[in-house]
1. Could you run the Karplus curve 6.51 cos²θ - 1.76 cosθ + 1.60 with θ = phi - 60° over segment 91-99 and give me ³J(HN,Hα) per residue in whole Hz, x for Gly and Pro?
2. Using each residue's phi in segment 189-199, evaluate 6.51 cos²θ - 1.76 cosθ + 1.60 at θ = phi - 60° and report the 3J(HN,Hα) Karplus result to the nearest Hz, with x for Gly and Pro.
3. Run the helix sum for the chain: -39,500 (n - 2.57) per DSSP H stretch of 4+ residues, divided by residue count, reported at 222 nm to the nearest 500 deg cm²/dmol.
4. State to the nearest 20 debye the size of the charge dipole of the chain about its Cα centre, where the only charges are +1 on K and R beta carbons and -1 on D and E beta carbons.
5. Of the options 224, 85, 249, report the single residue whose Cα projects farthest towards the positive end of the charge dipole of the chain (beta-carbon charges: Lys, Arg +1; Asp, Glu -1).
6. Once fully extended, how much extra length lies between residue 319 and residue 26, figured as 0.36 nm per residue of separation less the alpha-carbon to alpha-carbon distance?
7. Just 19, 305, 115 to compare: in a GNM of the chain, with alpha carbon springs under 10 Å, which one fluctuates most?
8. What relative contact order, as a whole-number percentage, does the chain give when Cα pairs under 8 Å and 6 or more residues apart are counted?
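The values are calculated or read from the model by the stated rules, or taken from the named source; none is laboratory data. All figures in this text were calculated on a predicted structure; none of them were measured in a lab. Every residue, glycine among them, receives a Cβ derived from its backbone with ideal geometry; neighbour counts consider all protein chains shown. We work out accessible area using only protein heavy atoms, side chains counted, and drop any ligands, DNA or RNA first. Shrake-Rupley method; radii C 1.70, N 1.55, O 1.52, S 1.80 Å.
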Amino acid sequence: MTDQRERTPAATRPLGERRTWPRSFADRLTEPLTDPLPGLRELVRVVRECVVRPPAHTLKEVPLLPVASGTVLPAGPGTVGVTWAGHASWVLRIGGLTVLTDPVWSLRIPGTPARITPVGVPWSVLPPVDAVVISHNHYDHLDAPTIRRLPRSTAVFVPAGLGGWFRRRGFTRVTELDWWEAAELGGVRFDFVPARHWSRRTLTDRCRSLWGGWVLSDAAGPRIYFAGDTGYGRFFREIGRVYPGIDLALLPIGGYAPRWMLRPVHTDPEEAVRAFLDVGAAAMAPMHWATFLLSGEPPLEPLRRLHRAWTAAGLARGALWDLPVGGSRLLAP
């Protein structure tokens, strides 16, 4: 792999390329992923203390979560449209393509209560989907019932080791990438970049596939960074160096409490602001909150803390796209 000091955007790889991957990606759980994943003792403690849900008295905040009537904005050449469907699911209009990120349109995912806000955009109003990007294989980011709704000819971009999951379900245009690799579809470049996380979908497949984020670049100019699911790490600065001029960073702000367990894998709002500064983006749209009760913070706390951290950093309010679930915005040339 190229030395980080010399790294530049890689040449694109062929779409649908069949590749052989290592049996495990556990070696990626090293610097900047220095913290160990939760072990059995920690998981038992979580179950015992029930700290993976917000305190009951804070659930009165749920009706106050921001929700809008979802619509997908048209986006012409050189213009990017983004619509937040909730959690890490976005409808991106870029380079004439409609791209879904980590699409989860189900009302419930295994192991969690039902979603606390409606899906931001009804599936019936979506334009034809040209491509899907997946950050990793956890159930709140890779939702089988939603994937089943897609035509099997949809182009799918996934982390290394995850292609078989899609091919077994009949998808014919599956592109697997390692960190710092790229492919191109219809003039839009899809670069897979590091994240601080892990993967597991069954009891026996821990770290058998990779995890990461995506940088989508339109040949006409606009560039979006979708961070996926991640803790804070030094790689954010490297992403900003290799892909300068990011117009919009989609960054997670929720799912962070308790910190003793979730710091290695989920940024808190203050870390999200640091990540935004590291990548050097022009604007930030928060995600990974206000959808599922996955952790112990009160429902509205992520947005409150984000606003405080944004102000403390002296950042322009107009650069924070804190969209409601179902909200849309255009990034003009």
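1. Rounded to whole hertz, the list is 9, 9, 10, 9, x, x, 9, 10, 10.
2. So the Karplus estimates, Gly and Pro as x, are 9, 10, 10, 8, 10, x, 9, 9, 7, 6, 9 Hz.
3. -4500 deg cm²/dmol
4. Value, rounded to 20: 740 debye.
5. Of the options given, the answer is 85.
6. Length gained between residue 319 and residue 26: 101.8 nm.
7. Maximum fluctuation in the GNM of the chain, among the listed residues, is at 19.
8. Worked out over the chain, it gives 24 percent.
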